[in-house]
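Read the figures in this text as sums done on the coordinates, not as results from a lab. Predicted model, so just to flag it, every value in this text is computed and none were measured. Note: ideal-geometry Cβ built from the backbone for every residue, glycine included; neighbour counts use all protein chains shown.
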Amino acid sequence: MVNPVSRSTNYSATEAPSRELKVTIPTGLAGMRLDQALAKLLPQESRTRLARLIEEGHVRVDGAQVPAKRKLKSGEVVEVALAPRVEESAYGPEAIALEIVHEDDDVLVVNKPAGLVVHPGSGNWVGTMLNALLHHAPALEKLARAGIVHRLDKDTSGLLVVAKNEPAQLALVRQLQARTVKRTYLALARGKIATPGKVDAPIGRHPVHRTRMAIVAGGKAAITHYRVRESFPSHTLLECDLETGRTHQIRVHLASIGHPLEGDPVYAKRSEGVSFARQALHAWKLAFVHPRSGAPQSFEAPLPEDFRALLESLRR
């Protein structure tokens with residue numbers, strides 16, 4: 001039998017609720033090792049996590065710390081202090097500065113800096129834009145993904161629209177599905193590109209490197225339009241319009257035609273002539289129909305300082 005002894009519900013940005021469990025060993029588990037018995041009594045916990053809890057002294061048998069191989073007796077009481085998983089605190093508010101370009105009762109438009117993760121995930125459970133949004137507008141906790149309807153890569157800067165209520169979220173999702181949300185990016189590609197073009201190639205998970213995306217048969221339809229904005233001896237500044245919004249779409253598409261983004265740590269080889277700490281990609285313009293008024297909305301975010309400095313160095 002597993003009984004919660006105490007459970008805090010005081011959530012914060014850095015502290016998840018702690019749980020202390022008391023486990024009375026039934027007759028059927030008598031003679032079993034401590035780690036094996038806990039795996040059966042707490043199937044929701046991984047064996048790796050349970051082993052770590054035992055090793056770190058968070059598990060006691062009749063008040064005493066014992067090794068994982070210790071065999072249990074019927075009626076013994078095992079106390080487990082379940083240290084909170086970091087993901088349990090992922091969806092709390094955090095006082096992270098946001099650059100709000102526009103805000104009304106229905107939508108927020110944010111200019112995201114490079115380096116800020118949009119949504120919590122593996123390796124980035126706190127310190128995300130979602131956490132910042134929950135601090136800025138606590139009512140967003142009632143919405144799926146705190147109203148976030150589309151994303152940018154961590155090291156891509158620029159504009160995102162966020163819904164502030166369910167009708168607005170539904171309307172924006174439908175616009176994205178209908179491909180009526182207009183998104184224009186500025187992208188610094190390696191090499192000389194002389195004419196405008198289009199890449200129409202499906203994107204899916206790389207068959208070998210699962211953290212990467214690739215052009216694959218059976219992937220999701222993906223279309224990127226590009227045109228030249230400025231030319232340099234070994235680079236081209238492009239304006240890229242998305243018809244679709246696949247993960248890493250511009251990065252994968254430009255790399256596929258031999259012009260990867262400068263600084264891209266995944267899809268470009270290390271450059272010997274230019275040093276840039278991230279992929280040179282900025283969500284420059286964003287346009288959509290306001291979900292309540294039906295009026296066209298358009299916004300523009302200037303290039304961040306690091307991107308401007310990169311272009312100036314190329315011009316020199």
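Per-structure values
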| quantity | calculated |
| --- | --- |
| Of [x] -0.31, -0.40, -0.50, -1.11; [y] -0.38, -0.47, -0.56, -1.18; [z] -0.42, -0.52, -0.62, -1.13, the label for log10 I(q)/I(0) by the Debye sum over Cα atoms at q = 0.07, 0.08, 0.09, 0.15 Å⁻¹ derived from the coordinates | [z] |
| Label-point separation, Arg292 to Asp241 (7 Å along Cα→Cβ), nm | 3.0 |
| Counted charge near Ala132, where neighbours are those whose Cβ lies closer than 12 Å (Asp, Glu -1; Lys, Arg +1) | -1 |
| Cα gyration tensor, the range 209-265 - rounded (a/c under 1.5), prolate or oblate | oblate |
| Under-5 Å amide H pairs with Thr244, H placed in peptide plane, nonlocal only | Ile223 |
| Within straight-line cross-link reach of Lys269, aspartates and glutamates at Cα separation under 18 Å, skipping those fewer than 8 residues along the same chain | Asp155 |
| Estimated FRET transfer efficiency (Glu312, Asp200; beta-carbon r; R0 35 Å; 0.05) | 0.55 |
| Within straight-line cross-link reach of Lys71, lysines at Cα separation under 28 Å, skipping those fewer than 8 residues along the same chain | Lys22, Lys40 |
| Burial ranking of peptide ranges 197-207, 149-159 (average Cβ count within 10 Å, highest at the top) | 149-159, 197-207 |
| Rounded, prolate or oblate (a/c below 1.5 giving rounded, otherwise prolate when a/b exceeds b/c) for the range 158-316 by Cα gyration tensor | oblate |
| Folded to 0 to 90 degrees: helix 166-177 orientation relative to the chain principal axis, Cα | 60 |
